[in-house]
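Here is the structure we will look at, set down as structure tokens.
Please treat every number below as a calculation from the coordinates, not as lab data. Bear in mind the structure is a predicted one, so any value in this text is a computation, not a measurement. Cβ coordinates were reconstructed from backbone atoms using ideal geometry, including for glycine residues, and neighbour counts include every protein chain displayed.
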């Protein structure tokens with residue numbers, strides 16, 4: 001621990017440099033430190049259609065469509081043609097919104113297909129088709145997940161990990177269980193996934 005006069009002397013003898021701050025080194029002495037940098041990249045995946053979201057079925061977990069991608073920062077996410085997406089090694093924060101229209105009750109999940117890991121979404125109650133006449137009630141199940149994909153061998157790094165969004169519903173209506181269209185002319189967006197890569 002330095003006394004105050006020694007600390008002031010040490011600070012007075014420093015030459016300040018842009019993007020650095022005053023701190024201490026490993027021995028506890030006053031020193032200039034480089035400001036930490038945090039790199040954040042974002043990918044948004046969506047199910048974009050020009051019509052209704054689809055009927056689905058009540059027999060098991062459904063893989064939801066993803067067919068549109070936008071990114072900011074460094075490109076990192078690969079959207080595959082089968083509605084799966086692949087992520088390289090890194091730390092991630094993921095949000096997914098999955099709509100259900102008059103499906104009674106429903107729940108979404110994010111699945112790490114490569115490793116067989118499920119990230120559970122919120123349990124959501126809506127209405128059955130029989131309960132409402134002439135109206136369309138849509139609710140969303142949300143998934144919030146954070147995970148790290150570790151670096152492995154060169155082959156593992158090149159392959160990455162593959163994910164998909166799945167949905168379990170308990171009632172269906174013709175064409176629209178997986179989302180009802182609005183018809184504004186902008187196109188319809190149903191399942192959405194926001195992926196934040198940290199570092």
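Each residue, residue 93 and residue 25, gets one label point 7 Å from its Cα in the Cβ direction; the gap between the two is 3.5 nm. Note on residue 86 and residue 198: with the Förster distance fixed at 22 Å, the Cβ-Cβ geometry gives a FRET efficiency of about 0.80. Compactness of the stretch 40-198, taken as the C-alpha radius of gyration over 2.2 N^0.38 Å, stands at 1.08. Once the Cα-Cα distance is subtracted from the 0.36 nm per residue extended length, the residue 34 to residue 57 segment shows a gain of 2.7 nm. Shape summary of the stretch 49-107, radius of gyration then Dmax from alpha carbon positions: 14.4, 41 Å.
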